[in-house]
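Accompanying notes for the structure given below.
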Amino acid sequence: MTGTLYGVGAGPGDPELISVKGLRLLQSSPVVAFPAGLGGKQGVAQQIVAQWLRPDQVQLALDFPYVQEEATLRQAWETAAAQVWNYLQQGDDVVFVSEGDVSFYSTFTYLAQTVMQQHPEAQVETIPGICSPMAAAAALGLPLTVRAERLVVLPALYTVADLETALDTADVLVLMKVSSVYEQVWPVLERRGLLQHSYVVERASQPTQVIHADLRDRPSLKLPYFSLLLVKCGTDQQLPTPTLTSLR
């Protein structure tokens, strides 16, 4: 019998936001894998679950390069799949931990697909987690959506044209990893009169979480990689301003 590869969503940053099922599997598995951090440092997922791990568990850091070149990515997925399979074929379960949810723009998707392509007998199970848009809405004290509101989420790579199209159709818009495009996004929101209904949340649910509310006087922000922008573009009412100690 081969082991099972579990994908466990560890949540956006707060270690207590992992599910009960995810935590049980995490602590019972002999092998815990996660994306390797940069420069020899712990990755985000490893940091989230570090306090839950046992000393006798194998911790397997898998390298996934931050590039868009398909051949390089495919080679990384195949190498990672081979490392994971080395344990699965011995009958050991492997829990792969990803920040947020493992089906929401997650590396786990590519790892699991590659393992199953190389080894059709492999068993894979996905355990959902809380993703950052939900954590950001909770931090703001605002509902993410109500009634028939349409939610649109744009990932890290999008153009201004994509943004314009999304704003034409969405009632609520979330821009993931907005740091690299914030200064291009801001004029679009200004022209549409949406800055007072827009919020940037840095590192949602983490101790270093910061909220930027009402962006009308913030055409430029120095933001970390894990920042998202939430726009309530379908509302005609002024939304309440969050009153949090992390508010800037």
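The values are calculated or read from the model by the stated rules, or taken from the named source; none is laboratory data. Values in this document were obtained by computation on a predicted structure and should not be read as measured data. Cβ: placed from backbone, ideal geometry, glycine included. Neighbour counts: every protein chain shown.
Table for the structure above
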| read-out | value |
| --- | --- |
| Some residue of segment 114-135 being under 26 Å from S205 (Cα atoms) and at pLDDT below 95 | no |
| Subset of segment 124-165 (residues that are in a helix (DSSP H, G or I) and closer than 30 Å to T114 by Cβ) | S132, P133, M134, A135, D162 |
| Identity of the residue in segment 175-193, among the charged types (D, E, K, R) and in a loop (DSSP other than H, G, I, E, B), that ends up modelled with the highest pLDDT | R192 |
| Output for segment 17-58, where each listed residue is in contact with a helix residue (DSSP H, G or I) (Cβ under 9 Å, 6 or more places away or on another chain), β-branched (V, I, T) and within 19 Å of L5 (Cα to Cα) | I18, V31, V32, V49, V58 |
| All positions within segment 14-27 that are of a type outside the set (V, I, T) and either crowded, with 17+ Cβ neighbours inside 10 Å or in contact (Cβ under 8 Å) with a residue 12 or more places away in the chain (or both) | D14, P15, L17, S19, K21, G22, L23, L25, L26, Q27 |
| Boolean, T114 is of a type in the set (V, I, T), touching a strand residue (DSSP E or B) at 6+ places or on another chain (Cβ under 8 Å) and either in contact (Cβ under 8 Å) with a residue 12 or more places away in the chain or not assigned by TED's automatic domain parsing to the domain that holds Y199 (or both) | no |
| Conditions (1) in contact (Cβ under 8 Å) with a residue 40 or more places away in the chain; (2) surrounded by fewer than 20 Cβ atoms within 10 Å (Cβ to Cβ); (3) over 30 Å from S28 (Cα atoms); (4) of a type outside the set (D, E, K, R): number failed by L73 | (1) |
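A quick yes/no check of all residues on (1) modelled with pLDDT of 95 or more; (2) assigned to a strand (DSSP E or B); (3) under 24 Å from Q206 (Cβ atoms); (4) in the same structural domain as V201 (by TED's automatic domain parsing):
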site	(1), (2), (3), (4)
K21	yes, no, yes, no
Q27	yes, no, yes, no
Q42	no, no, yes, no
A50	yes, no, yes, no
R54	yes, no, yes, no
V67	no, no, no, no
W85	yes, no, no, no
D92	yes, no, no, no
V95	yes, yes, yes, no
